[in-house]
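Let me begin by handing over the structure; questions about it come next.
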Amino acid sequence: MSIAKNYFGFGKQIRSGAKGTVVDMLDGLSDIGTIYSAPLATIATAAGNFVIVDIGNKKYACYAHIVNGSVRVKKSNSVTEGQVLGQIGNSGNSDQPHLYFQVVTETPLFLDAEGSPQVFRSFDLIGGG
């Protein structure tokens, strides 16, 4: 049985990809301690602990599966690009620690929202295959 906290990335900082305003967030759902042992999820708990930021032009940046107790923002807070939002975790409908990130349009939801293509200015590749 593999312990989720031992995975690379668990607990690493999640930084906002853009400036904006927090329109929704959840903190307080328990972390899943082992991998591949996610409990049955509901629509309300699938994303685990999360943050949704209104980044303008009817676009919303969504960050999910955050470590319980690590969310550093509240609804209506302004955030800057690069600001720490929380830590990568294993909450919600998650088989192993990771950050689920998407940008959606029109509606600040993980489900039932239209995805928007994004371009990253840069990224770091760690490891390789």
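The values are calculated or read from the model by the stated rules, or taken from the named source; none is laboratory data. All figures in this text were calculated on a predicted structure; none of them were measured in a lab. Every residue, glycine as well, gets a Cβ built from its backbone with ideal geometry; the counts of neighbours run over all protein chains shown.
Scan segment 99-116 residue by residue and report those that are outside any strand (DSSP E or B), in contact (Cβ under 8 Å) with a residue 12 or more places away in the chain and not aliphatic (A, V, I, L, M).
GLU106, THR107, PRO108, PHE110, SER116, listed by residue number.
A follow-up question, please. Which of (1) under 15 Å from LYS5 (Cβ atoms); (2) within 13 Å of the chain's Cα centre (by Cα); (3) assigned to a loop (DSSP other than H, G, I, E, B) does GLN96 not meet, given it meets every other one?
For GLN96, the exception is condition (2).
Among (1) more than 15 Å from the chain's Cα centre (by Cα); (2) aliphatic (A, V, I, L, M); (3) surrounded by fewer than 17 Cβ atoms within 10 Å (Cβ to Cβ), where does ALA113 come up short?
Result: ALA113 passes all but (3).
Next question. Out of all the residues in segment 58-85, which are part of a strand (DSSP E or B) and closer than 19 Å to ALA44 by Cα?
TYR60, ALA61, CYS62, TYR63, ALA64, HIS65, ILE66
Let me ask something else about it. Looking at segment 8-31, is at least one residue of a type in the set (S, T, N, Q), modelled with pLDDT of 95 or more, within 23 Å of THR107 (Cα to Cα) and assigned to a strand (DSSP E or B)? Step through it out loud before you land on a result.
The initial filter retains those residues of segment 8-31 that are of a type in the set (S, T, N, Q), namely 13, 16, 21, 30.
From the residues that got through so far, the ones that are modelled with pLDDT of 95 or more too are 13, 16, 21.
Next, from what is left, pick out any that are within 23 Å of THR107 (Cα to Cα): 16, 21.
Then keep just the ones that are assigned to a strand (DSSP E or B); that gives 21.
There is at least one residue in segment 8-31 that is of a type in the set (S, T, N, Q), modelled with pLDDT of 95 or more, within 23 Å of THR107 (Cα to Cα) and assigned to a strand (DSSP E or B).
Quick one: is ARG15 of a type in the set (Lys, Arg) and either touching a Ser or Thr at 6+ places or on another chain (Cβ under 7 Å) or crowded, with 17+ Cβ neighbours inside 10 Å (or both)? So that I can check it myself, show each step before the final result.
Details: of a type in the set (Lys, Arg): yes; either touching a Ser or Thr at 6+ places or on another chain (Cβ under 7 Å) or crowded, with 17+ Cβ neighbours inside 10 Å (or both): no.
Criteria not met by ARG15.
Would you pick out the residues in segment 36-82 that are touching a Ser or Thr at 6+ places or on another chain (Cβ under 7 Å) and free of Cβ contacts under 8 Å to residues at least 40 places away in the same chain?
Once the filter is applied, which keeps residues that are touching a Ser or Thr at 6+ places or on another chain (Cβ under 7 Å) and free of Cβ contacts under 8 Å to residues at least 40 places away in the same chain, segment 36-82 yields VAL53, HIS65.
Counting only residues that are in a loop (DSSP other than H, G, I, E, B) and at positive phi, how many does segment 46-57 have? Working first, answer last.
Going through segment 46-57, the residues in a loop (DSSP other than H, G, I, E, B) turn out to be 46-48, 57.
Cutting the leftovers down to at positive phi gives us 48, 57.
Summing the residues that are in a loop (DSSP other than H, G, I, E, B) and at positive phi in segment 46-57 gives 2.
Here's another thing I want to ask about it. Could you say whether any residue in segment 54-68 is among the acidic types (Asp, Glu), more than 11 Å from the chain's Cα centre (by Cα), modelled with pLDDT under 95 and surrounded by 11 or more Cβ atoms within 10 Å (Cβ to Cβ)?
No.
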